Ligand code: BES
Ligand code: ZN
């Protein structure tokens, strides 16, 4: 702890000199930084969040200090504007606020389609896809291998969609950084304007936050697992010639690990285009079973309560494993980008927050350190099939 305060103190004059970004930090981080509060110029406080202004360089320092000294991740969000930062102060509790009404409940009545598909889930397929993604040196958002790996995801998804004219696979290019996101769209036959989004981030990071484009970052659990789990659900849906009534979009987001950049760009574009997103499912870490009595754990913060309850019912109906709730305590993944833009999002996660995989963001984030197989992820592939079919039809 001493080390952290020291390293931040040394760089403080620079901190105050060129404020650029509006950054909100959570109460745990601020508590640790208590001696710094005055120097950091806290602009606003409330709801366990404090607002400070930092330059790029200072954000780098703060990131690595949090990671290296506090042995945790995140705990702060960098915002594009003061107005956006101030949204972090809207009381959200467990998201019982404006977002709650947005998810309209659905009957669970697609057993004839879902049950046979769920039986086709193969943990081996998921494992193979995770290994292929982990073989890229890293999938860092500014590294060449970060773009190569996205081309690999696009190629995989294209090969699954083969000749269907109602399916397209595109890159979503981001103007501020080189790594693209990948998007598969299956156009709905009856209600094409109602969109269901199933996504996860495809980038990886290691060596502390901003570990850079050179570090080895296999990112097997975080988050080759989420992409590979969704890819298995996609494979099965397409092998069974599933034709959804609503539009389904699979997304492999770029640059999540450096502040949800890819999903923020996409979600704000969707909002400004007035798109009607009826549900967002986020998969970020499905590989390692960390909690004894809960297989699937839904984060209650930055998520939609009604949709979380719907997903709970889907698990009972089709996956039949124990599930529960936990909290990230901050906008820990791309679901927060969707929530912040007013869309109903959920993140079924591999464990509770207390039991997280400590190998993530290091060169040890491999299948081997996460249990050696993709059996846990297979449960999430079943849930993804159930979610896709029940919501789309
Ligand atoms: N997969 C993690 C999020 C996560 C980690 C959720 C552990 C639950 C438990 C994600 O890739 C990540 O690292 N997110 C960042 C925050 C983001 C705003 C950059 C983090 O948690 O540090
Ligand atoms: Zn991560």
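Computed from the coordinates by the stated procedures, all read-outs in this text should not be read as laboratory data. Bear in mind the structure is a predicted one, so any value in this text is a computation, not a measurement. FYI the Cβ positions are ideal-geometry reconstructions off the backbone, even for glycines, and counts take in every protein chain you see.
Would you mind pulling out the separation of the Cα centroids of the range 261-328 and the range 113-130, in Å?
Between the Cα centres of the range 261-328 and the range 113-130 lies a distance of 19 Å.
Most exposed first by the Cβ proxy, i.e. fewest other Cβ within 10 Å, how do 325, 302, 318 rank? Walk me through the intermediate numbers first.
On the way: 325 16, 302 26, 318 22.
Listing 325, 302, 318 from fewest to most nearby Cβ atoms yields 325, 318, 302.
Restricting to Cα pairs below 8 Å that are 6+ residues apart, what does the relative contact order work out to for the range 256-393? Please round to a whole percent.
Here the relative contact order equals 36 percent.
Beyond 37 Å, what percent of the Cα pairs of the range 93-392 remain?
Tail of P(r) above 37 Å: 5 percent of Cα pairs.
For the range 344-393 and the range 184-215, compute the distance between their C-alpha centroids and round to whole Å.
A separation of 14 Å, based on Cα centres.
Listed highest first by mean packing, meaning other Cβ atoms within 10 Å per residue, what order do 218-224, 293-299 come in?
218-224, 293-299
For the range 255-393, just the Cα atoms, rotate onto the principal axes and tell me the three extents in Å, largest first.
43, 36, 22
If you count, for each residue, the other Cβ atoms within 10 Å and average over each peptide, how do 352-359, 78-85 line up from highest to lowest?
Details: 352-359: 16.5, 78-85: 15.0.
Those peptides, ordered most packed to least, come out 352-359, 78-85.
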